[in-house]
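In what follows, a structure is listed as structure tokens, so that the remarks can point back to it.
The values are calculated or read from the model by the stated rules, or taken from the named source; none is laboratory data. No experiment lies behind these values; they were computed from the predicted model shown. Cβ coordinates were reconstructed from backbone atoms using ideal geometry, including for glycine residues, and neighbour counts include every protein chain displayed. Surface accessibility is based on the protein's heavy atoms, side chains included, excluding ligands, DNA and RNA. Shrake-Rupley method; radii C 1.70, N 1.55, O 1.52, S 1.80 Å.
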Amino acid sequence: MAYLLRGLVLIMFLSVNLTIAVAHDWVNIGLSHIQIAIPTFLYTIFAQAFAMFYFIGIGRLVDNIHLIISTSTNLNELFDEVPEDLSPYLKKVEKFVYDAKLAKRQTIPWTILMLILGMIAFLLGGAHDTGMVEITTHSGVVYGFAAAMTIGFFRQWYYLGKAHLLLRKVKTLFSIPDGQM
């Protein structure tokens, strides 16, 4: 799943850069930057929502496992044979909880900033097209969006890899099948 999400955010990153290149007339592909910007931003919303919910889902899974082990209830959901001493599992799961929360804290704010700046840039582009705002206003917000997107892209890329490894460790520790979350 992390590889799919990396692919999605890579396509988003390249699409936004293509839109900016067409707007500056650095590249000519036969379409205006407005014609590219509309599907690009819709795709950006999709890719960012998908990535955000991946991090939220992993955090929720690890929190649920932590709750089961710390309260010693429903242990049969995690173990075929419940071990006598749960302390090694609890210690590992607490590290998993920390790692999952760190990944969410490091990526979701950039995702939200990216979406907000992208929406504002998109709306200001329409306002510029109708003559309501100057091009500098639209361009400034687009550059801010591009900066947030670049930082967010690299953070997401890094933490998607970390979250994928975290998910592998959790599933291996508790013998959870790959298709189950």
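For the stretch 35-101, the Cβ-based charge dipole about the Cα centre amounts to some 440 debye (Lys, Arg positive; Asp, Glu negative; other atoms uncharged).
Sum up the charges of everything whose Cβ sits under 11 Å from the Cβ of Gln156, counting Lys and Arg as +1 and Asp and Glu as -1, but leave Gln156 out. My count for the surroundings of Gln156 gives +3. Here is how the number arises for the chain: DSSP H runs of 4 or more residues each give -39500 (n - 2.57), the sum is divided by the residue count, and the result at 222 nm is -29000 deg cm²/dmol. Look at where the Cα atoms of the stretch 23-41 and of the stretch 127-181 average out, and the two centres are 21 Å apart. Just one of (i) 10.0; (ii) 11.2; (iii) 11.7 is mean projected area of the Cα convex hull in nm² calculated from these coordinates, so which is it? Working out mean projected area of the Cα convex hull in nm² from the coordinates points to (iii). If you take every residue apart from Ile112 with its C-beta less than 15 Å away from the C-beta of Ile112, what net charge results, scoring Lys and Arg +1 and Asp and Glu -1? Value of the local net charge: +3. Extension gain for Lys101 to Ser32 (0.36 nm times residue separation, less C-alpha to C-alpha distance): 20.7 nm. The simple Förster model, with R0 at 35 Å and r as the Cβ-Cβ distance, assigns Leu42 and Asn74 a FRET efficiency of 0.25.
Applying 1/(1 + (r/R0)^6) with R0 = 22 Å to the Cβ-Cβ distance of Asp129 and Asp25 gives a FRET efficiency near 0.80. With the gyration tensor restricted to C-alpha atoms of the stretch 94-179, the semi-axes of the equivalent ellipsoid amount to 39, 11, 9 Å, longest first. Roughly to the nearest percent, how much of the accessible area of the chain is carbon and sulfur, given a 1.4 Å probe? Result for the chain: 64 percent of the exposed heavy-atom area is carbon or sulfur. Just to confirm the filter: which GluC sites (Glu not before Pro) across the stretch 1-100 are DSSP coil and have at most 10 other Cβ within 10 angstrom of their Cβ? Filter output for the stretch 1-100: Glu81, Glu84.
At the residue level, His66 shows approximately 50 square angstrom of accessible surface with a 1.4 angstrom probe and all protein chains present. Ranking Ala49, Thr136, Leu173 by how far each Cα lies toward the positive end of the dipole of the chain (charges on Cβ) leaves Leu173 at the top.
Shown here is the pair-distance distribution of the stretch 9-97: with all Cα-Cα distances grouped in 5 Å bins from zero up to the longest one, the shares run 3, 13, 16, 12, 8, 7, 7, 7, 7, 7, 6, 5, 3, 0 percent.
The gain in end-to-end length when the Glu81 to Ser175 segment is fully stretched comes to 32.7 nm, 0.36 nm per residue minus the alpha carbon separation.
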